[in-house]
Each structure stands twice: as structure tokens, then as C-alpha cells.
Amino acid sequence: MKGIILAAGSATRMRPLSDSLPKCLLSVGGKPILQRLIENVAAAGVEHIGLIVGYNADAIRSFVKRHFPFLRIRFIVNPKYESTNNAFSLLMAREFFLGEATRGAPLQDLMMLDADIVFSPKLLPFLLAQESPNKLAVRVEGDHDAEEVRVKVDEGRNILLVGKTTPLAESFGESIGIEVFSSLAAQRLFEIVEDRVRRGNGRTEFYEASFQALIHEGIELKAIDVSSFPSVEIDTPGDLRVAERMIAARIDPEAT
């Protein structure tokens, strides 16, 4: 399995905290968000990581090379991060995903993560243990609001709708920004993203729009409830404080 971590955004909602540092290098509980995330990904057995950078890319490169000198991490640049959204950033990782497959090797499965999530190290092993080949981590419990990326599911917890326009009343829960795809589904996902970008829509949209297109083609994407494993997506300074309290309260001692 390969991993893709999206860390290109400029995090304007985190200013002034993100004026000099990328959001993913802000500390929670004395450790940068990105360090926690890479440690969790590596511990889950993902040995080859593509890290998509843009805003203050040099700071991220320097940090990763210093703290993870022995991991296989490739830096992938989104040169247009200021005028595009995360679907375009994802497209930048297409060649990384294809990799050795262009020379006849089999495609690998794919794990995708946003770089601004603080979560329990138990979450990824749990997610990977679920039988469904294509799955999306969802927080079902707790409060929900209109800012979340929400999912609507059928009785088998197959996702019907995913995105910020999913009606709150019909929502099963919040996508926390972690997904796993089979090699074939990931290959088709990149084809969809590329097509949407070429037609213009994909440059400024969220990658969940391509997830939705994948679903419309009949590829099942399962919602996996990860409410038992603490997680916080860091979008605002308030979220950073919530994550600090989560770590300080030792809700999940192994997360420290």
C-alpha cells in the first residue's frame, strides 16, 4: 500500500499561526501535527509515502528530512496551490501512485490522508482491518455542523453522497479526511480527477467530488465509523485548542 498525504494548502483560517509555518507543522501536545500523522501511517505498515506540498514547502521538506531520514517519502509539489483546491493537489500525485506499474509491476492499494488531522494511532489499524476494499473514515458520534464534509449512506453503510452539500438531516457522520482505496479504484479515481481538472471544474473543487463520481459509476465506498478513536481536523485555532485538550486529557494515552 502507498500513502498520499495532502499538505499543500496555505491555511488562511489559521492565521496568524500559519503566517510563518505550514499548518501541519503547528504543534499539538508538544509534537507537530505532521510528525504525529507520519508516525501513525508508518506504524500502520505504509512504507512508501507521497507528501504533496505547496505553501512553505521548504519548511516541510526540512522537517521531514530531519525527523524521518529513513522513510521512503517523496515530495510532490503543487505549484498552483494558491489558485487550486485539494483535487488538483491530488492529481499531482498521480505519477507517484502509478510508479513502478508503468514498468509492469502491479498497482498497489492507496491510503489518502489530509495533513491536518490529529488522531489516535489505533485508528488506522482498525480502518485497514475492515473487509471493504474502498473505505472512508467517518466520525458518527458527537456534534455535527454545516462546515463538515458529510456522508449519507444506505442500510449497508455504502456511501450515497459525500460532500459539504450533503443535507445535515440525512448525514450519517463527518468524513475526517482519511480514505483507503483498492488499486483499481484508486486508478479510476485518478482518471476521474484528471478528467475533471482538464474540463475545468476540478481545479478548484474538493476531491470528494471525484469520490462522488466514483460512486456514481457503481464503485462501492464504505463508511467506517471511527468514533471510538479520538480525532480532530485542524481548520481553525479553536480546533487546535480542542486537539490540545484531547491530548492533555489523555483520552487515548497512546496518542501522546
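At-a-glance table
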{"item": "Helices (runs of 4 or more DSSP H) within the stretch 3-98 that include 2 or more residues among the polar types (S, T, N, Q) and in contact with a helix residue (DSSP H, G or I) (Cβ under 8 Å, 6 or more places away or on another chain)", "result": "33-43"}
{"item": "Qualifying residues in the stretch 4-49 (those that are of a type in the set (Gly, Ala, Ser) and crowded, with 24+ Cβ neighbours inside 10 Å) - the one nearest to the chain's Cα centre (by Cα)", "result": "Ala7"}
{"item": "Members of the stretch 197-232 found to be crowded, with 21+ Cβ neighbours inside 10 Å and within 15 Å of Leu6 (Cβ to Cβ), listed by number", "result": "Gly202, Tyr207, Glu208, Ser210, Phe211"}
{"item": "Selected residue [buried (at least 19 other Cβ atoms within 10 Å of the Cβ), of a type in the set (Phe, Trp, Tyr) and modelled with pLDDT of 95 or more] from Phe63, Phe88", "result": "Phe88"}
{"item": "Meets criteria (touching a residue at least 24 places away in the same chain (Cβ under 8 Å), at negative phi and touching a Phe, Trp or Tyr at 6+ places or on another chain (Cβ under 8 Å)) for Leu123", "result": "yes"}
{"item": "Residue under evaluation Glu95, criteria (1) under 30 Å from Met246 (Cβ atoms); (2) among the acidic types (Asp, Glu); (3) without any contact (Cβ under 8 Å) to a residue 60 or more places away in the chain, criterion not met", "result": "(1)"}
{"item": "Restricting the stretch 178-196 to residues that are over 20 Å from Glu220 (Cβ atoms) and surrounded by fewer than 20 Cβ atoms within 10 Å (Cβ to Cβ), the residue that is nearest to the chain's Cα centre (by Cα)", "result": "Glu194"}
{"item": "Neighbours by Cβ (under 9 Å, 6+ apart or cross-chain): first from the stretch 9-23, under 21 Å from Arg203 (Cβ atoms); second among the hydrophobic types (A, V, I, L, M, F, W, C) and modelled with pLDDT under 80", "result": "Ala11/Leu17"}
{"item": "Residues within the stretch 104-157 that are basic (Lys, Arg), more than 11 Å from Ile224 (Cβ to Cβ) and surrounded by 22 or more Cβ atoms within 10 Å (Cβ to Cβ), tallied", "result": "1"}
{"item": "Exclusive hit being within 25 Å of His144 (Cβ to Cβ), touching a helix residue (DSSP H, G or I) at 6+ places or on another chain (Cβ under 8 Å), outside any loop (DSSP other than H, G, I, E, B) and charged (D, E, K, R), set Glu244, Glu179, Glu194", "result": "Glu179"}
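The values are calculated or read from the model by the stated rules, or taken from the named source; none is laboratory data. Note that the coordinates shown come from a computational prediction; the quantities given were computed from them, not determined experimentally. Using ideal geometry, Cβ is built from the backbone for each residue, glycine included, and neighbour counts are taken over all protein chains shown.
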